[in-house]
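Only one structure is covered here, and it is reproduced in the block below.
Values quoted throughout were computed directly from the atomic coordinates according to the rules given, and no laboratory measurement underlies them. Source: prediction; values computed, not measured. A quick note on method: Cβ atoms are made from the backbone with ideal geometry, for glycine too, and the neighbour counts reach across all protein chains shown.
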Amino acid sequence: MCSSTTRKRRFGSTPRFSASRSGPTFLEPDAHPAAKPFKEALVADGIPFTSFAVDDVQSEYERLRGLGVRFTQEPTDMGPVTTAVLDDTCGNLIQIAHHA
């Protein structure tokens, strides 16, 4: 499992990935026996575990890269949606997206 300290170090002191304004969303726990092969299969196929909406994919991409975050997909325009995919360092691919 990845600690909140690791996430803060990677994403900055104020987590930006959140399902609500009440706090950060974490993808743990992953102690169930099915979790590891599931996560590994998603990563092997390049499939993000989850997606978060952002106001500007390019700006978030640049901000997060500046913090040392490794992206597996640079910002890509897909018609009405722009996406980028990052490695959260805990075995998950995370997509950031903006719908025009």
Checklist entry - Between residue 38 and residue 63, what is the label-to-label distance in nm when each label sits 7 Å out along the Cα-to-Cβ direction? => result 3.0 nm
Checklist outcome for this item: About its Cα centre, the range 37-100 carries a charge dipole, from +1 on Lys and Arg Cβ atoms and -1 on Asp and Glu Cβ atoms, whose size in debye to the nearest 20 is 140 debye
